[in-house]
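In what follows, a structure is listed as structure tokens, so that the remarks can point back to it.
The values are calculated or read from the model by the stated rules, or taken from the named source; none is laboratory data. All figures in this text were calculated on a predicted structure; none of them were measured in a lab. For neighbour counting, all protein chains shown are included, and Cβ atoms are generated from backbone atoms with ideal geometry for every residue, glycine included. The accessibility values were calculated without ligands, DNA or RNA, using every heavy atom of the protein model including side chains. Shrake-Rupley method; radii C 1.70, N 1.55, O 1.52, S 1.80 Å.
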Amino acid sequence: MNQNRNNRYAPVLMAISMVIGIVIGTFYANHFSGNRLNIINSGSNRLNNLLHIINDQYVDEVNIDSLVDKAIPQILSELDPHSVYINAKDVQTLNDDLKGSFSGVGIEFNIRQDTIHVQNVIKNGPAEKAGLIAGDKIVAIDGKPFVGKQVTNEESMRRLKGPKDTKVIIGVKRYGTQKILSFTVTRGEIPQHSISATYMLDEHTGYIRIKNFAETTYAELLIALAKLSQEGFTNLVIDLRDNSGGYLERAVQMVNEFLPKNKLIVYTEGRKQPRQEYRSDGHGSYKEIPLVVLINEGSASASEIFAGAIQDNDRGTIIGRRSFGKGLVQKQIEFPDGSLVRLTIARYYTPSGRCIQKPYIMGGEAQYAQDLITRYEHGEYFSVDSIKHTGPAYHTGLGRVVYGGGGITPDIFIPEDTLGMTSYYKRAAMSGLILQFAYTYTDNNRLKLNNFTEMMALYDYLKQQGMVDQFANYADKHGLQRRNLMIRKSYKLLDQYINSRIIYNILDEQAWNQYLNLNDNAIEAAKKVFEEGAAFPKAPKPTNDATKKETSKAPAVKKQATRHK
């Protein structure tokens, strides 16, 4: 009888025990955790409560997941410009960019008139093996028509990408063929190279252009350096212009190739992150080669770490324009649904102690995004005297003055070339008409152009074709009225842009870079540095005033020393 009574009250006693446990636990948590934890708990409770109230009582049905996806970026934007939320569907694309490869069919394409146009086919890739060629127009995927408004970059990538060894059937219309051709492509790993060009600028000078710092970039650099070694290079230009960064570890490995032992490369530090230093190990194979690094306003993050380490260690000459100024370290934190947050946890500092990060106001994302435009309007792209340094002065190992407060200021400034800029050229470039014309010309002349395998031979041919005049006629028929005076003034810019895109369409990215470098002021400045033997910076010579001050101080120091004997 007593046993049954005890069994009857057991659930009640258990419930009371749980409530007492929760109350005691809450008391001790509140008592010992401090105000900061209470504030965070209070704020998170309000957010959770708000979502529950909306879900329970709002007048219409609400997609809470979508609401959260929109709310989290707003919260993070109040911290700094680089703490960001990435939803699950965008994570894979983001990882592919830095992984160095992705699984797909292996084509480069653009979308014109609601149709996928194959611009390039990756050599030895799945699409080439299946029979696709540049110039093909994709009109069907897996037996279903794929043309019209549904053809977007996002939808095209979704249909063409896929797990390795899966198959996709691609229907194409080919120039000179009436019927639709069908190709079964077995998807495979498609390499994404970080280094887009490796070649000799002249008899002695090697050139390497690096687009980003991905997982494979260090290995690619070693291959590129080995290639240049076989060609006998004795000087090196590393081009980091418009390189938006990537993995810190890869930048450190790459700088290590050029520094003697125990040189500080970069260090990080934050409120909850103790100082962590990255130093050279002395095992680099190119510690003595004269070096120039090219940067501009599009060089950010890992690019600035690389350039800052070379500059502060007086290891090479930095040429170009002030870099972007992204010096915040993010930690990647994943959520169970596959989305993630990149939260800023520390700052980067160059060996001299300067912070790379440019100033920002918490919550001032719009102002931060306008920074490059503001620089342009202030004339920074055109005059070194217009660069506004907001940080203190620091000194390199040799005593050269460098500045913190945002980006890396080059040792040699190269203004942006605006000679020949007109409103006609701006409209032609911004409207996409030059790209459209270049692709149309390439497509219509592909049989002849495919005979060219070297950049200079193709360029020599294009010089004889009157490309600017052909473009002006094309543009006039597509809404851009012909302006002969402006065309004449912008002739060089128009000719270069048109030729560069045709060369890219027919050859590859390296040929495109080679062509653009033919008349590049930064490249010419680099060659001059090597010719003058100035690739290794020297300690600044004392000015006359400084010499006089030291001379006037000498007797006083001597007397002081005598008195202390």
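In table form, for the structure just shown:
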read-out	value
Heavy-atom accessible area per residue - the chain, 1.4 Å, Å²	56
Sum of side-chain charges, TYR424 neighbourhood, beta-carbon under 15 Å (Lys, Arg +1; Asp, Glu -1)	+4
Rounded accessible area of MET157 (nearest 10 Å², 1.4 Å probe)	80
Gain in span if fully extended, GLN92 to ALA539, counting 0.36 nm per residue against the direct Cα distance	156.1 nm
Cut-off 11 Å between beta-carbons: net charge of the residues surrounding ASP314, Lys and Arg +1, Asp and Glu -1	+2
Anisotropy class of the chain from Cα gyration tensor, a/c 1.5 cut	oblate
Mean Kyte hydropathy of 0.0 or more with a Cα span along the axis of at least 24 Å, helices from DSSP in the chain	2-33
Dipole magnitude of the chain, debye to nearest 20 (Cβ charges: Lys/Arg +1, Asp/Glu -1, about Cα centre)	1080
FRET efficiency, ASN262 to LEU222 (Cβ-Cβ, R0 25 Å, nearest 0.05)	0.70
Rounded percent of accessible protein surface that carbon and sulfur make up, the chain, 1.4 Å probe	53
Virtual spin-label span in nm between ASP476 and ASN519, 7 Å along Cα→Cβ	2.4
Kirkwood Rh and Cα Rg combined as Rg over Rh, evaluated for the stretch 427-528	0.98
Fully extended contour minus Cα-Cα distance, from ASP65 to ALA140, at 0.36 nm per residue	23.6 nm
Links that overshoot a 19 Å alpha carbon limit, given the list LYS99/LYS331; LYS263/LYS541; LYS99/LYS211; LYS426/LYS492; LYS99/LYS161; LYS123/LYS179	LYS263/LYS541; LYS123/LYS179
Burial order of peptide ranges 198-209, 261-272, 51-62 (average beta-carbon count within 10 Å, highest first)	198-209, 261-272, 51-62
The chain, helix-only ellipticity at 222 nm - DSSP H runs n ≥ 4, -39,500 (n - 2.57), divided by all residues, nearest 500	-13500 deg cm²/dmol
Linear extension gain, LYS129 paired with SER383, 0.36 nm per residue minus alpha-carbon span	86.3 nm
Paramagnetic reach from GLU231 (point 7 Å along Cα→Cβ, amide N under 20 Å) across the stretch 417-456	452-456
